[in-house]
There are 6 protein chains.
Amino acid sequence: MSIQSINVRNQFRGKVKEIIHGPVVSEIDVETPHGIVTSVITTRSVEELQLRIGSEVIALVKSTEVSIAKV
Amino acid sequence: MSIQSINVRNQFRGKVKEIIHGPVVSEIDVETPHGIVTSVITTRSVEELQLRIGSEVIALVKSTEVSIAKV
Amino acid sequence: MSIQSINVRNQFRGKVKEIIHGPVVSEIDVETPHGIVTSVITTRSVEELQLRIGSEVIALVKSTEVSIAKV
Amino acid sequence: MSIQSINVRNQFRGKVKEIIHGPVVSEIDVETPHGIVTSVITTRSVEELQLRIGSEVIALVKSTEVSIAKV
Amino acid sequence: MSIQSINVRNQFRGKVKEIIHGPVVSEIDVETPHGIVTSVITTRSVEELQLRIGSEVIALVKSTEVSIAKV
Amino acid sequence: MSIQSINVRNQFRGKVKEIIHGPVVSEIDVETPHGIVTSVITTRSVEELQLRIGSEVIALVKSTEVSIAKV
């Protein structure tokens, strides 16, 4: 189902650089202009989205999931 | 308590650009090379961390919280 | 930015029934064919998505965020 | 420990339709009136809850974990 | 709806010590034998659960939501 | 990168008691005064943090991830 727009404010566009496949979840590393963003999603989703190395994707993060640290 | 290192793989370093204060939670917008990263944390934490416009911070996101969409 | 497909497996389609506005986050109650699904998102997102009573939306939940209880 | 009531507003009652076992986490697909609700929990929890195909369960989702998209 | 058991492995039993009410979400501080555990839930849930100072509760955290840092 | 302080209000200090390794994520059980706190993080992070049985760590939980149940 195509989505017109989503509330998720943090969107990082890039290409899939690496996939580590697991039996239930897989790690997806997305290369964005400013570094790697790492995601863990169900392996079923990886198959349904037909994610491959080089796939153009957006990594999405809801604001309530973002913590803040002071350096 | 100072932390030497943390498992959280997604770390976006930047400066606080805007704070929207609420009675319980507050929105923190961090200007990073990726663009604005938005976080929602407790207002108490904002006070305890003494976050101000310009504060140097890291926005942290656990990989399991990152979704992936195809464009 | 329009999204072709997303890894998020749990998608509940419905209409916005109620919005409780707050200074930082707002509660959105979505009426689906099988009951209300409640979401809390940033108030900014509510404005940017121009959510109103009756707006057609999808409530999305990542699998890792779903707990299981026995009755 | 039996729980009388919980803050989690989104509760989807149904029966376990499928379990994909992994060494650390497992995927649980619950057949509900909404359709399939997918959860990823620790494999230890699957064993402790003695989840089987057909087990009566509730899938629980905290409101802050629900995103909203416009179609 | 009473729940017999839940997958959530991290359960901290205690009494409500403080509630900070907001229009949409509220902060609940739970005094446990080993310190305060802080939760942010919808204000509606606070009302429906009839949470008061001194209410006996369990704070619940799903394992996938727990990060690990080295000191 | 060393972190001076973090917004995460729930911090449980302890020692790693057990690690269940998986291809993508691993379960970390931390022995704390509260009892065992269980975390699921990426296996890569386990390696990068060089987590071993006995490692001194802090388990961190954002307040928005904590649910409340009545007993």
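The values are calculated or read from the model by the stated rules, or taken from the named source; none is laboratory data. Not measured: the values here are computed from a predicted model. Using ideal geometry, Cβ is built from the backbone for each residue, glycine included, and neighbour counts are taken over all protein chains shown. Ligands, DNA and RNA are stripped out before the accessible areas are found, and what is left, the full protein with its side chains, is counted by its heavy atoms. Shrake-Rupley method; radii C 1.70, N 1.55, O 1.52, S 1.80 Å.
A few notes on this one:
- Label geometry 7 Å along the beta-carbon vector: residue F:17 inter-copy distances in nm: 2.3, 3.7, 3.7, 4.2, 4.5
- Pseudo-label separations to other copies for residue A:56 - Cα-to-Cβ vector, 7 Å, nm: 2.6, 3.7, 5.0, 5.0, 5.9
- Hits among lysines - C-alpha to C-alpha of residue A:17 under 19 Å, sequence gap 8 or more where chains match: B:62, B:70
- Between the amide H of residue C:5 and those of B:70, distances stay under 5 Å, these residues lying 5 or more places away or on another chain, with hydrogens modeled in the peptide plane.
- Using θ = phi - 60° in the Karplus curve 6.51 cos²θ - 1.76 cosθ + 1.60, the 3J(HN,Hα) couplings for the range D:28-45 round to 10, 9, 10, 7, 10, x, 6, x, 6, 10, 9, 10, 10, 10, 5, 4, 4, 5 Hz; x is entered for Gly and Pro.
- In straight-distance terms, cross-link reach from residue F:15 covers every one of the aspartates and glutamates whose alpha-carbon lies under 12 Å from its own, apart from those fewer than eight places away in the same chain; here that gives F:29, F:31, F:56.
- This model, with +1 at the C-beta of Lys and Arg and -1 at the C-beta of Asp and Glu, gives the range B:15-54 a dipole about its Cα centre of some 60 debye.
- Annotation for residue A:34, label-to-label distances across the other copies: 0.8, 3.2, 3.3, 3.7, 4.0 nm (shortest first, one decimal, point 7 Å from Cα along Cα→Cβ).
- Heavy atoms of chains F and E lose about 3100 Å² of accessible surface on contact, summed over both sides with a 1.4 Å probe.
- Between residue C:36 and residue D:47, the C-beta separation translates, for a Förster distance of 30 Å, into a calculated FRET efficiency of about 0.35.
- Solvent-accessible area assigned to carbon and sulfur over the protein assembly as shown amounts to 47 percent, based on a 1.4 Å probe.
- Amide hydrogen neighbours beyond the local backbone of residue E:41, cut-off 5 Å, H modeled: E:26, E:28
- Phi-based couplings in Hz for the range D:17-27 (Karplus 6.51, -1.76, 1.60; Gly and Pro marked x): 9, 8, 10, 9, 7, x, x, 10, 10, 10, 9
- Dividing the summed helix terms, -39500 (n - 2.57) for each DSSP H run of n ≥ 4, by the number of residues in the protein assembly as shown produces a 222 nm estimate of -2000 deg cm²/dmol to the nearest 500.
- Between amide H atoms placed 1.01 Å from N, distances below 5 Å from residue A:55 occur with A:16, all of them 5 or more places distant or on a separate chain.
- The rotation axis taking chain A to chain C passes closest to the C-beta of one chain A residue; that residue and the distance in whole Å read A:3, 2.
- Accessible surface area normalised per residue over chain F is 36 Å², counting heavy atoms of protein chains with a 1.4 Å rolling probe.
- Relative contact order [Cα under 8 Å, 6+ residues apart], chain C, whole percent: 37
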